[in-house]
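**Student:** To start, I am sharing the structure in question, which I have written as structure tokens.
What follows draws every value from the coordinates through simple rules; no lab data is involved. Predicted model only: the values in this text are computed from it and were never measured. Note: ideal-geometry Cβ built from the backbone for every residue, glycine included; neighbour counts use all protein chains shown.
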Amino acid sequence: MKRILAIFLSIILLITGCGDSEDSPEAGADKVTYLTAFGAVGRDAFAWVAREKGYFRDAGLDVTIQLGAATGENIKVLSAGQAQFANLDMTGAWILAGKGQAPDIRAFAAVHQQTLVSIIALEGSGITTPKDLEGRKLGAATGSVNQLLFPAYAKLAGIDAGKVEWVNAPPAQLPSLLASGRVDALSTFLIGARGIEKAAGGKKTVVLPYSEFLPGLFGNGLMASSRVTTADPDMVRRFRDAALKGLQYTLDHPDEAAQILKKAQPTADVTAAVGEITLMTPAVKPSGVIDKTKVADALATLEGNGLIPPGLTPESVVDFSLAPTA
């Protein structure tokens, strides 16, 4: 009799939705997959913050966070429909769009209002100016914006690009490549400088920002395929607002955000994550605003430096019906 009663009570709990439902995604939540820009590092911590703080859940979303590789690889995943959203370098995505390799990808919020792509070397390496890169080995993540943007940077900075040898590696291996001397410098993001210094045993870095010669370009942004933005704009807006709420919290609480990242991804480096969040803060507007005039100017810069052919318009790379305006 007791067993029958227990079974009956279990059925009642299932019907009424009790039990562990408060710890699980709400029934009917939209299941989506999100790709980080570059593994599990500080610049991407806001996604885990949004999940940990319940912002995604409150927006009716069940979000699976997957580690991204680099701009080119992430675009392939989005285009194939294997993920709905990604944090991508907007400039890199637009260069690929100009080459016909990302025609259906649309930005709907900016994370970094300026490009953070930089050359990073260690003090004492003999690299203090862009010209010093000639005859050197330069490490970068395979398929990243760093290599896509380098020809224009080299031209404007007076570098003979043919005298630079590239060494490709997964993002997580880049600091050790530099620290071990297998490359002379990295083409990466300036916000990674503190993590690189830690990997190099405390040696200080020399940072040469691409923005010195290429001002006005965007950095990372939230993106989706046009299929997703067209089919369910309400879902995109809910994801956007929850993610940006996580971004604001991350900027306000970098230490806590780094710990949340560490909790979700045990291999993450807390010190490096705090450094990235702190260094990226001046380039971030948590509203995610994308100014159409600035997009047009950025495209003109890319076109003028031979990185894209004529034809790309702001509307072809940004869904302004979904992008914040302030």
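**Student:** Give me the log10 of I(q) over I(0) for the range 70-208 at q = 0.10, 0.14 Å⁻¹, as the Debye formula computes it from C-alpha points; what are the numbers?
**Tutor:** So the normalised log intensities are -0.35, -0.66.
**Student:** Same structure, new question: Taking every DSSP beta bridge with both residues inside the chain, roughly what % is antiparallel (nearest 5)?
**Tutor:** 55
**Student:** Could you name the lysines whose alpha carbon sits less than 21 Å from that of K76, not counting residues in the same chain fewer than 8 places away?
**Tutor:** Answer for K76, where 21 Å is the Cα cut-off: K31, K99, listed by chain and number.
**Student:** How large is Rg over Rh for the chain, taking Rg from the Cα atoms and Rh as the Kirkwood inverse mean of 1/r across Cα pairs?
**Tutor:** Looking at the chain, the ratio lands at 1.04.
**Student:** Could you run the Karplus curve 6.51 cos²θ - 1.76 cosθ + 1.60 with θ = phi - 60° over the range 116-130 and give me ³J(HN,Hα) per residue in whole Hz, x for Gly and Pro?
**Tutor:** 10, 5, 8, 8, 10, 10, 9, 4, x, 7, x, 9, 10, 9, x
**Student:** Return the lysines within reach of K163: Cα separation strictly under 24 angstrom, same-chain partners fewer than 8 residues apart disregarded; answer none if there are no such residues.
**Tutor:** Within the straight-line cut-off, K163 pairs with K131, K137, K155.
**Student:** Give a residue-ordered list of calculated ³J(HN,Hα) values for the range 314-321 (Karplus: 6.51 cos²θ - 1.76 cosθ + 1.60, θ = phi - 60°; whole Hz; x for Gly, Pro).
**Tutor:** x, 5, 7, 10, 10, 8, 6, 6
**Student:** Under 13 Å Cα to Cα from K262, which aspartates and glutamates show up? Leave out anything in the same chain fewer than 8 places away.
**Tutor:** D44, E52
**Student:** I need the trypsin sites (Lys or Arg not before Pro) found in the range 176-241, filtered to DSSP loop residues with at most 12 other beta carbons within 10 Å of theirs.
**Tutor:** K204
**Student:** Enumerate the amide H contacts of V206 below 5 Å, restricted to partners 5 or more residues apart or on another chain; note that Pro and chain-start residues carry no placed amide H.
**Tutor:** Those qualifying (amide H under 5 Å, at least 5 residues apart or on another chain) are A121, L122, E123.
**Student:** Which of F108, A140, P209 sits farthest toward the positive end of the charge dipole of the range 94-251, with +1 on the Cβ of Lys and Arg and -1 on the Cβ of Asp and Glu?
**Tutor:** So the residue furthest toward the plus end is F108.
**Student:** I need the phi-derived Karplus couplings for the range 105-110: 6.51 cos²θ - 1.76 cosθ + 1.60, θ = phi - 60°, integer Hz, Gly and Pro marked x.
**Tutor:** Whole-Hz 3J(HN,Hα) from phi for the range 105-110: 9, 10, 7, 9, 6, 8.
**Student:** Strictly greater than 16 Å: what percent of every Cα pair in the range 89-156 meets that?
**Tutor:** Tail of the P(r) past 16 Å holds 57 percent of the pairs.
**Student:** What FRET efficiency, computed as 1/(1 + (r/R0)^6) with R0 = 35 Å and r the Cβ-Cβ distance, is obtained for E73 and T293, rounded to the nearest 0.05?
**Tutor:** For E73 and T293, the calculated efficiency is 0.70.
**Student:** Given H placed 1.01 Å from N in the peptide plane, which residues other than close sequence neighbours of S118 have an amide H under 5 Å from its amide H?
**Tutor:** Here the answer is T188, F189, L190, Y210, since their amide H atoms fall under 5 Å of that of S118.
**Student:** Moving on. Using the alpha carbon gyration tensor of the range 229-326, what are the three equivalent-ellipsoid semi-axes (square root of 5 times each eigenvalue), largest first, in whole Å?
**Tutor:** 31, 19, 13
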